[in-house]
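J.: Take this structure first; my questions come after.
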Amino acid sequence: MWTVEPWVSRLELEAGGKVLLEQSEAVTTVLISSAKFLARQRDLARRFVLADEGLTEWISTNPAEAQAIIREELAAEMRAEIKRSLISRGWTRIILTSGISTNALKDFVAKAKDVGFLRSAPDLSRLVERP
């Protein structure tokens, strides 16, 4: 099974799971837009990217408060108590960045193709852009 934090830590702590392959450079969340939106709303896209960068920086410099907020949000979504230890353990595996590694993205696309999620690998040369 492939999953992301905090579910990796939950499987380890609550079900005795073992990590067989750790992919610290795996792309799990990407901010995307259509070309049409960028053409029509480039300034709005730029402001959204700047807000994302600011939030990423805040999370990086305020880990305890960020973890508390994440724990509260997950508890509300799951309607169950989320242990502080679960979030703090998973936090050690998360790499927060506003940038994207094109190599990691290429690897992600290649693997998606290999397992049948994509019929062909798209051209990524125009995919990553700063608005």
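Quick note: the coordinates plus some simple rules give every number you see, no bench work behind them. In this text the structure is predicted, and so the values were computed from the model without any measurement. Neighbour counts are summed over all protein chains in view; Cβ atoms, including those assigned to glycine, are modelled from backbone coordinates with ideal geometry.
J.: Positive end of the charge dipole of region 29-114 (Lys, Arg +1 and Asp, Glu -1 on Cβ, about the Cα centre): tell me which of W58, Q41, A75 has its Cα farthest that way.
T.: It is Q41, whose Cα lies furthest towards the positive end.
J.: Oh, and also: Report the FRET efficiency, 1/(1 + (r/R0)^6), for T61 and L20, where r is their Cβ-Cβ distance and R0 is 22 Å, rounded to 0.05.
T.: Taking R0 as 22 Å, the efficiency between T61 and L20 is 0.10.
J.: How do R42, R79, R71 rank when sorted from fewest to most other Cβ atoms within 10 Å of their own Cβ?
T.: R79, R42, R71
J.: Return the distance in nm (one decimal) between the two label points of a simple spin-label model at V30 and V49, each offset 7 Å from Cα along Cα→Cβ.
T.: 1.5 nm
J.: Can you work out ³J(HN,Hα) from phi for every residue in region 21-27, in order, using Karplus 6.51 cos²θ - 1.76 cosθ + 1.60 and θ = phi - 60°, giving whole Hz and x for Gly and Pro?
T.: Couplings: 9, 9, 10, 5, 9, 4, 7 Hz.
J.: Beyond 24 Å, what share of the Cα-Cα pairs of the chain is found? Please give it as a whole percent.
T.: 45 percent
J.: Given the -39500 (n - 2.57) contribution per DSSP H run of 4+ residues, what per-residue ellipticity at 222 nm results for the chain, rounded to the nearest 500 deg cm²/dmol?
T.: That calculation yields -18000 deg cm²/dmol at 222 nm.
J.: What are the ³J(HN,Hα) values, in whole Hz, obtained from phi via the Karplus relation 6.51 cos²θ - 1.76 cosθ + 1.60 with θ = phi - 60°, for each residue of region 83-97 in sequence order, with x given for Gly and Pro?
T.: 5, 4, 4, 5, 5, 5, 5, x, 4, 5, 9, 8, 10, 8, 8
J.: Of L11, T97, I32, which is farthest on the positive side of the dipole of the chain, counting Cα position, with +1 on Lys and Arg Cβ, -1 on Asp and Glu Cβ, and the Cα centre as origin?
T.: I32
J.: Mean-square fluctuation check for the chain, GNM, Cα pairs under 10 Å: which of A68, A26, A35 is largest?
T.: A35
J.: For K18, go through the lysines and keep the ones whose alpha-carbon is under 30 Å away, minus same-chain ones fewer than eight residues off.
T.: Within reach: K83, K106, K111, K113.
J.: Using Cα springs under 10 Å in a Gaussian network model of the chain, which residue among K18, K111, K36 shows the largest mean-square fluctuation?
T.: Per the Cα network of the chain with a 10 Å cutoff, K36 tops the list.
J.: Here's something else I'd like to know. What is the helix-to-structure angle for 102-114, meaning the angle in degrees between its Cα long axis and the longest Cα principal axis of the chain, kept from 0 to 90 and rounded to the nearest 10?
T.: Here the helix axis deviates by roughly 80 degrees.
J.: Taking the Cα centre as origin and putting +1 on Lys and Arg beta-carbons and -1 on Asp and Glu beta-carbons, what dipole magnitude results for the chain, to the nearest 20 debye?
T.: It works out to roughly 420 debye.
J.: Taking the Cβ of each residue in V109, V115 as the centre, tally the other Cβ atoms inside 10 Å and list the residues starting with the fewest.
T.: Fewest-to-most ranking of V109, V115: V115, V109.
J.: Measuring from label point to label point, each 7 Å out along Cα→Cβ, what is the E73 to R119 span in nm?
T.: Distance between label points: 3.6 nm.
J.: May I pose another question? Quote the FRET efficiency, to the nearest 0.05, computed for R84 versus A39 with a Förster distance R0 of 30 Å and r equal to the Cβ-Cβ distance.
T.: 0.10
J.: Quick one: net charge of S120's neighbours, Cβ under 15 Å, K/R +1, D/E -1?
T.: Around S120, the charge tally is +2.
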